[in-house]
Structure formats: C-alpha cells, structure tokens
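Worksheet: one structure, shown below.
The values are calculated or read from the model by the stated rules, or taken from the named source; none is laboratory data. Everything quoted here is computed from the prediction, not taken from an experiment. Heads up, the Cβs are rebuilt from the backbone with ideal geometry, glycines too, and the neighbour counts pull from every protein chain shown. Ligands, DNA and RNA are stripped out before the accessible areas are found, and what is left, the full protein with its side chains, is counted by its heavy atoms. Shrake-Rupley method; radii C 1.70, N 1.55, O 1.52, S 1.80 Å.
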Amino acid sequence: MLFPALDSPKWQSHPRAFAWGMRSVGSTVLALVLFATYLGIGALAHDSRFSLGWVLTSTALVWAGPAQIILISMLGSGATAVQAAIAVTVSAIRLFPMVVSVLPLLRTPTIKRRHLILPAHFIAVTLWVECYRLLPMVPRERRVVFTTGLGCGLVLVCLTATTVGYTLAANLPPALAAAILLLTPLAFLLSTARNAKHLVDVLALVLGLALYPPVAMLHTGVDILISGLSAGTIAFGVHWWRRRTA
Amino acid sequence: MSDFIGDWHALLLLVLAGFLPNEIWRMLGLWFSGGIDEGSELLVWVRAVATAILAGVIAQILVFPPGALAAVPGALRYGAVAAGFVAFVASRKSILIGVICGEIVMLVGEWWL
C-alpha cells in the first residue's frame, strides 16, 4: 500500500485524503472476512423475516457485527426489546476501549469533539485494527478525513454484502442458503478465537459455547444473558485467581 | 417504501434495541477518551462477558438454527464448524481458510446426504 510521503503536497487535498482512505479497503484481507460476515447477516435477517431495508439500516446505524446478529437472532426468536437491548449493550461495551484507544491517533490540538463523532461511529474491530496499521502513514491533520473515507468504504462493502446475502437467501436452493447462513457462526467463532489472546478470553469463548445449551433448557427467555454473564464471570474469576496466586 | 423498511414499529425497535444501546459506548468513549486505563480489571471482566455472550449467540444459531439451516442435520452443522476450526488452527489462524473449509464440508455433506 503506497501513499505519498507524509510531507507531500498531495495530502493538502481533503477529497484526495478521503479517497485514499476509501481505497485502503482494497488493501486488507479483513474486508473479505467482513464481506463474508455480512453475507451471513443478510441471510440471517432474511430467514428471521426482517425486511431488506431494515437490515441495511441496521448495518449503517449499528455497524457492529456481533450486536447485529444478537439483535436479529434475539428479536427473531421472540425476545422482548428490553432483553435484546441489554444483550446488545453488553456486547457493545468492548467498543468503548476501542474508541478510547484510537481517538488519540486522530486528535490535533485544534480539533473539535464534534469532528470526531463520525470517525467514532465507524470504530469497530476492523477499523480499529486498520487504524493502527495505516494512520502512521497519514499526516495527522488529514487523519479524520482519511479515517472517515476508510469507514465509508467498509460500510459500503458491508451494505453490498448484506444485500447480496439477503437476496441469495431468498432465491437460492435451500442447500446453498443453509451454507450462507452457516457463515455467521463460522466467521464469528473464528474471528473471536483469533482475537482471544489471553487465557481469560479463550475461557470465556469456550465456556460461553458450552454453557448455552444447558441454560437454554431452562427456557428463561434471557438464556443468552444468563449463560454469557456466568461464563464470562467464571473466566474472569479464573484469571483473577491465577493473578493472585502467581 | 414501507415494504422495503417494514412497519415503523420494526424501525423503532431497531433504534431502541439496536442503535442506541450500541452507539452509547462509542459516544462515551469519545467523551472519556484520554482518561481510561485499557488494562483495567473492570475492562477485562467486561470483555470476558461480551465474548461469552457472543459465544452463546453462536451456539444458539447452531443448536436452534434459523430458516434453511434448520433443515441440515445437527451432526453436519457441528461437523462443518469443527472442520472450519481445525483448518483455522492448522493454517496458523487464517479466518478466511477456516471459513472456506467449513463451507466446503457443509456443501459436500449436504450433497452427499
């Protein structure tokens, strides 16, 4: 990926910085994984009987894969708005440290907080990773524009994938539609496994998978919250206990 | 237009149960950026719970699958995901290779059954 040198006059142009940001989408394999994920989300929304416009709006507004599959699968299986909102907000807490850690890369002494609202909205795991990789090659005064371009590019990729997944689920023979629906659990399991670098995260993933089926037999309506809260807390307990005795 | 988005109730549900509970953490991050220790124990716990909730949703989709996936036998659903995971580990954590292998097992299994 080649950008002009940091002091090149080409960086003077805002539209050009935006375009370079948008074009950077083509330089990352993460965009392919994101495409596969949103194919799955589109298909999941179709088979959970949501409209195409609804799921496209959710991709643009929510812009977080885990929150979207939680929202779609919970509402689709009859959970109430309050139950879904609780599960979504817990899944979204991880965005807080991401935003806190990325924004210092975008800040300049004169910047206003409102200029950072759009870049903050685009922050999710992919943009977070890409900012660390790409922003050092971008002059500080152009980073907000560049990041906005990158975010817009990723959203466009995902809107396309959502539409394609939704349409495929509606028109494909059942065997292929099932394969597209499998993309969601597959892509999320693997990307979560890849992000789980510490024992506490690996344990949370494994226990979270293992605890859901027995908890689901209780039919509480908040099975996901109960299994997630207990699995996560047990994993944290092990982490805390190991640190204490280490 | 109303067919494209669905009724206003569905859209309201999206904003109240999806957009706001998700976006609030980004805006809080924007507000507080600068003063939070990324390695604090509270954030470790939060991350663990968030990971486990996502894991629960993955399990839910596999155990009680939606739509067309429900017609696929359980053994094939679990087998395909397991094969994808093995390929992911064998390829030194390539998500793309894992996803492709899992999908191949799924399609071959469906065709063969």
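Of note:
- Restricting attention to region A:52-99 and to residues that are within 23 Å of A:ALA196 (Cα to Cα), assigned to a helix (DSSP H, G or I) and among the small types (Gly, Ala, Ser), the residue that is nearest to the chain's Cα centre (by Cα) turns out to be A:GLY65.
- Among the candidates B:ALA80, B:ALA48, the residue that is closer than 21 Å to A:MET74 by Cβ and facing chain A (nearest Cβ under 8 Å) is uniquely B:ALA48.
- Test: residue in region B:52-59 that is open to solvent by 20 Å² or more (accessible area, probe 1.4 Å) and either at the interface with another protein chain (Cβ under 7 Å from one of its Cβ atoms) or touching a strand residue (DSSP E or B) at 6+ places or on another chain (Cβ under 7 Å) (or both): no
- Checking A:ALA31 against (1) open to solvent by 20 Å² or more (accessible area, probe 1.4 Å); (2) more than 10 Å from chain B (Cβ to nearest Cβ), the condition it does not meet: (1)
A quick yes/no check of all residues on (1) farther than 18 Å from A:SER191 by Cβ; (2) β-branched (Val, Ile, Thr); (3) assigned to a helix (DSSP H, G or I):
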site: B:ARG47; (1), (2), (3): no, no, yes
site: B:ALA59; (1), (2), (3): no, no, yes
site: B:PRO65; (1), (2), (3): yes, no, no
site: B:LEU69; (1), (2), (3): yes, no, yes
site: B:ARG77; (1), (2), (3): yes, no, yes
site: B:ALA83; (1), (2), (3): no, no, yes
site: B:PHE88; (1), (2), (3): no, no, yes
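- Residue check for B:ARG92: in contact (Cβ under 8 Å) with a residue 12 or more places away in the chain and among the charged types (D, E, K, R): no
- Residues in region A:100-133 that are more than 10 Å from every other protein chain (Cβ to nearest Cβ), open to solvent by less than 40 Å² (accessible area, probe 1.4 Å) and assigned to a helix (DSSP H, G or I): A:THR126, A:LEU127, A:GLU130, A:CYS131.
- For A:ALA177, the requirement of being within 13 Å of chain B (Cβ to nearest Cβ), crowded, with 20+ Cβ neighbours inside 10 Å, over 24 Å from B:LEU76 (Cα atoms) and within 24 Å of the chain's Cα centre (by Cα) is not met.
- You will find that of A:THR57, A:THR37, A:THR80, the residue that is among the β-branched types (Val, Ile, Thr), surrounded by 19 or more Cβ atoms within 10 Å (Cβ to Cβ) and more than 7 Å from chain B (Cβ to nearest Cβ) is A:THR37 and no other.
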